[in-house]
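Down below is the structure, laid out as structure tokens.
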Amino acid sequence: MDLLLRWCGCFLLVVCLSVKESHGECIVPAVMRGTWFSFELGSNTITDIDPTSMSRHGQCVALKVYRYDHKALLFKNNECYYCVRFHIRTINILQKSATECNTYRQGYKPSLDEVCAELEQHQALVTMFNENYVPKNCRSAIEGVWHFAYQNRFSFTGECNHGEAKIQSCQEPGNQFLIANQKFNITFKKCEGIKESFDGTKEFSCLGDWFVGKNHYFAVANTKESRKDEKYRCFVRNRDDDLYMGHSITPECSVLKTPENSPFRFRMTPVKQETVTPGCLLPKNFSGDWMNTAHMEADVFINQTHVIETTYPDEGRYRRTIYVCREQRDNRYMMARLNIDGCQKDYVCFEFVPRHHNIIRFRKGLEMIREDFSTVCSYIQFKSGRIEQNREWNYNLMLSRDPVAVKCPVAGKFNFTQKGELLFETRILGGVTKAPWDNIYCRENISDLSVCDQDQKEIWIDAHYCISVDAYGRHMDIYTDPDYKLKCIGYWKENLQSYLITYDELDPFSKYRCWVYQRADLNKVLMSQSVGPFCNLKQTVLGTGNGAAVTLNMVEYEREHDRCPMYFDDGSNPWKDPGANVHVFQFTAGSHLPSPTPLLAPLTAAFILLWVRGFMNVL
């Protein structure tokens with residue numbers, strides 16, 4: 001009971017500290033003072049607010065502060081009391097909700113809460129625009145270049161989609177004229193068959209932006225318009241679907257509920273403003289579709305001059321960045337980056353390791369505004385994959401979208417024990433079988449990892465594997481399929497650690513997995529599997545954490561009829577040919593080595609002579 005009373009007392013104290021109410025002398029905050037324009041009940045309205053009064057509402061008698069941007073004021077005009085709640089969106093925008101005239105018996109002074117109780121909780125907010133507005137930077141509201149298709153729901157039902165319709169809102173870094181970064185343009189084009197569409201360009205000054213839930217609102221002023229009811233407009237975008245934008249056709253923000261259901265709707269597609277001419281060529285074996293493990297598993301398309309990276313922050317949304325090869329020296333490539341917004345280009349350096357298997361390893365430098373190779377591609381600029389505390393770093397990975405299996409660096413038949421958060425479990429690949437299997441009595445079950453196919457390109461893992469054999473030493477359980485089938489698609493050695501990438505089409509989390517492996521003894525191998533495709537610099541074979549989901553302690557146990565020889569490659573040379581481990585000895589007459597034929601006769605004669613001499617001694 002005492003604990004409950006203490007909690008209630010703390011709660012009341014917090015409420016009292018967060019809501020402040022003043023009576024007597026009421027001073028209107030400075031940010032709310034000025035001349036404001038609004039569109040109320042279908043007519044243009046001008047409101048003047050000074051330190052102590054508000055036009056048509058009288059003198060301020062009480063003030064209540066809910067938050068720094070949410071205030072309630074009580075006004076008295078003759079016998080009428082008004083409660084007005086203000087939401088301070090920006091220095092140029094206020095939104096208000098107000099009661100009608102409330103009268104009370106003579107001599108009675110109502111409190112602010114009493115008058116505000118008449119205010120409806122869900123009453124539509126009236127947007128007020130500062131007549132003497134101060135333009136704001138547009139970057140937080142809208143930034144980029146888009147092609148758009150538009151629809152005016154009150155004029156036509158179709159959608160006008162013209163190839164030259166464009167929204168352009170670009171910052172100019174270092175521009176001495178601040179006003180240049182406080183405006184954006186919308187270029188409309190007339191569409192054939194839609195007579196209500198039109199040609200024209202509108203220039204808007206940004207008045208500030210704010211969020212309500214996931215809706216992102218921003219207000220603007222048309223710089224070429226003198227009519228007040230046509231000058232001010234509101235826009236709305238959504239955090240989860242920013243390819244649509246809503247636009248009001250009156251100076252009101254309350255009519256904008258969602259971008260799709262707005263009176264005027266834009267459907268936008270980001271475009272790149274500049275065209276860059278390539279100045280170098282990427283390696284030919286880089287061409288194709290890839291996945292960048294270091295950037296949200298982005299889709300990457302590479303040809304000989306361009307790298308196009310597309311990320312998907314959410315379903316139905318994408319971000320596309322284009323890199324154009326400009327200059328190459330050794331394995332460093334300076335590339336022009338046309339960024340997501342499409343406004344301007346900058347320069348970034350990539351250091352590529354020659355491709356091996358299905359893997360491209362690379363480092364990426366910092367973005368620079370100057371096109372200077374010695375600056376952009378200086379080794380100090382490479383920060384990707386680096387841990388600043390101990391100065392360690394590793395290469396990032398791009399993995400092929402259509403990988404071709406390669407020979408696994410670890411092969412054989414292993415009995416393993418596992419530990420970690422995501423253990424290998426028993427499952428039935430392909431679902432339940434059509435007919436029941438024969439009942440096989442199993443004397444011993446183990447966890448099995450096998451790489452026994454003819455080319456040793458697949459890892460089979462069975463968490464509950466029967467190793468019982470018949471009287472001839474042959475495996476009895478011939479029906480059971482493995483729980484996991486992983487294709488080896490690449491391996492290498494880096495920072496004294498061996499890495500392996502596997503591919504599993506049935507993996508619900510990520511088709512690609514990174515492994516760290518190490519040979520611990522003649523017939524013992526340690527491995528750890530990562531949570532996803534990313535290879536953490538601190539991942540080891542010794543324990544989970546630092547990106548490792550499960551660790552395996554494997555001991556080789558090949559049986560007589562398994563025909564599964566052990567093989568191990570630490571990945572020191574991932575570029576060697578697939579058949580480089582097969583040694584063929586040439587014994588031909590034309591070889592520079594001595595032919596065995598001339599030596600064979602004397603050796604044979606000597607052997608026969610010794611044998612005869614020994615036989616005679618016995619007799």
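The values are calculated or read from the model by the stated rules, or taken from the named source; none is laboratory data. The shown structure was predicted, so the numbers you read here are calculated from the model rather than taken from an experiment. Glycine also receives a Cβ, built like all others from the backbone with ideal geometry; neighbour counts cover every protein chain displayed.
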Exercise for review: Would you mind stating whether Ser254 is over 30 Å from Asn331 (Cα atoms), surrounded by fewer than 21 Cβ atoms within 10 Å (Cβ to Cβ), among the small types (Gly, Ala, Ser) and outside the structural domain of Lys511 (by TED's automatic domain parsing)?
Suggested key: yes
Study note, to complete from the structure: Given (1) in contact with a strand residue (DSSP E or B) (Cβ under 7 Å, 6 or more places away or on another chain); (2) over 25 Å from Ile340 (Cβ atoms); (3) modelled with pLDDT under 95, Ala221 misses just (3)
Exercise for review: Exactly one condition in (1) within 17 Å of Arg370 (Cβ to Cβ); (2) loosely packed, with under 15 Cβ neighbours inside 10 Å is not met by Arg317; state its number.
Suggested key: (1)
Study note, to complete from the structure: Note: among Val584, Val555, just one is within 15 Å of Gln418 (Cβ to Cβ) and surrounded by fewer than 19 Cβ atoms within 10 Å (Cβ to Cβ), namely Val555
Review point. Which of the residues that make up the stretch 312-332 are more than 23 Å from Gln273 (Cα to Cα) and at pLDDT 90 or above?
Key: Gln328, Arg329, Asp330, Asn331, Arg332
Review point. Of the residues Ser140, Ser155, Ser97, which is free of Cβ contacts under 8 Å to residues at least 60 places away in the same chain, closer than 22 Å to Leu256 by Cα and part of a loop (DSSP other than H, G, I, E, B)?
Key: Ser155
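Looking only at residues in the stretch 387-410 that are surrounded by 14 or more Cβ atoms within 10 Å (Cβ to Cβ) and assigned to a strand (DSSP E or B), which one is modelled with the lowest pLDDT?
This residue is Trp393.
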Check your understanding: Being crowded, with 18+ Cβ neighbours inside 10 Å, under 27 Å from Glu274 (Cα atoms) and in contact with a helix residue (DSSP H, G or I) (Cβ under 6 Å, 6 or more places away or on another chain), is that true of even one residue in the stretch 218-227?
Key -> no
Practice item. Give the stretch 521-549 a look and list any residue that's assigned to a strand (DSSP E or B) and over 27 Å from Asp299 (Cα atoms), or say none. Key: Asp521, Lys524, Val525, Leu526, Met527, Gly545
Exercise for review: Within the stretch 480-502, track down each residue that is surrounded by fewer than 21 Cβ atoms within 10 Å (Cβ to Cβ) and closer than 18 Å to Asp453 by Cα.
Suggested key: Thr480, Asp481, Pro482, Asp483, Tyr484, Lys485, Lys487
Point to revise | Residues of the stretch 169-191 classified as at pLDDT 90 or above and more than 19 Å from Cys234 (Cα to Cα), total | key: 3
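One line per residue, one yes/no per condition, for (1) in contact with a Ser or Thr (Cβ under 6 Å, 6 or more places away or on another chain); (2) among the acidic types (Asp, Glu); (3) assigned to a strand (DSSP E or B); (4) modelled with pLDDT of 90 or more:
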| residue | (1), (2), (3), (4) |
| --- | --- |
| Arg105 | no, no, no, no |
| Lys109 | no, no, no, no |
| Met128 | yes, no, yes, yes |
| Val134 | no, no, no, yes |
| Ile167 | no, no, yes, yes |
| Glu203 | yes, yes, yes, yes |
Point to revise | Looking only at the stretch 537-549, and only at residues there that are surrounded by fewer than 18 Cβ atoms within 10 Å (Cβ to Cβ) and under 25 Å from the mean Cα position of the chain (by Cα), the one that is nearest to Leu423 (Cα to Cα) | key: Gly545
Practice item. Could you list, in sequence order, all residues of the stretch 49-87 that are surrounded by fewer than 16 Cβ atoms within 10 Å (Cβ to Cβ) and on the phi > 0 side of the Ramachandran plot? Key: Arg56, Asn78
Review point. Just a yes or no: is a residue in the stretch 126-138 within 29 Å of the chain's Cα centre (by Cα), within 30 Å of Thr250 (Cα to Cα) and hydrophobic (A, V, I, L, M, F, W, C)?
Key: yes
Practice item. Report the residue count in the stretch 324-345 for those that are of a type in the set (Asp, Glu) and not in a loop (DSSP other than H, G, I, E, B). Key: 1
